[in-house]
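Engineer: Next up is a structure, given as structure tokens.
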Amino acid sequence: MVIIKPFVAKRSRVELIPLIDTFFLLLAFFVFSVFSLSMQEGLRVDLPTATTSAPSKEESLTISVAADGAVLVQQEAVPLASLAAALRQHRAGLVRPPLVLINADRAVSHGVVMSVLDAVRQADLTRVSFQTRSDQP
């Protein structure tokens with residue numbers, strides 16, 4: 001006579017190796033996504049495109065020029081006539097002169113952008129960058 005042993009259920013196991021791999025993958029994803037974010041302090045404008053544009057990671061002073069010609073420094077409206085004085089005031093508290101980011105809408109006339117650039121030069125700020133959208137996918 002054959003005696004059949006009763007079925008004994010095996011205790012289930014949690015496989016830790018795939019779980020650890022999954023957590024490291026999620027950690028790497030979030031770390032890379034946080035580092036790829038950049039802080040934009042300008043007004044939302046329609047930027048022109050450029051194939052050689054690259055993000056900047058240093059202290060900056062953002063000047064935005066809206067489509068209607070309104071000028072904003074760090075999101076504060078400033079008349080174009082007193083822009084140089086406002087830039088000198090922003091520079092006064094800094095040890096090193098900041099990088100000036102000119103964030104002009106594509107519909108703004110060239111003369112307004114040149115007036116802004118002239119005010120930047122009057123404030124003795126020599127490091128200037130024009131913001132563009134990347135044309136690359």
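The values are calculated or read from the model by the stated rules, or taken from the named source; none is laboratory data. If you're wondering where the values come from, they're calculated on a predicted model, not measured in any experiment. All Cβ positions, even for glycine, are placed from backbone atoms using ideal geometry, and neighbour counts span all protein chains on display.
Engineer: Pick from Phe30, Phe24, Phe35: which is modelled with pLDDT under 80 and not in a loop (DSSP other than H, G, I, E, B)?
Structural biologist: Going through Phe30, Phe24, Phe35 in turn, the sole match is Phe35.
Engineer: Within the range 103-137, restricting attention to residues that are free of Cβ contacts under 8 Å to residues at least 40 places away in the same chain and part of a strand (DSSP E or B), which residue is nearest to the chain's Cα centre (by Cα)?
Structural biologist: Only one residue tops the list, namely Phe130.
Engineer: Would you call Leu87 within 30 Å of Phe35 (Cα to Cα), part of a strand (DSSP E or B) and among the aliphatic types (A, V, I, L, M)?
Structural biologist: no
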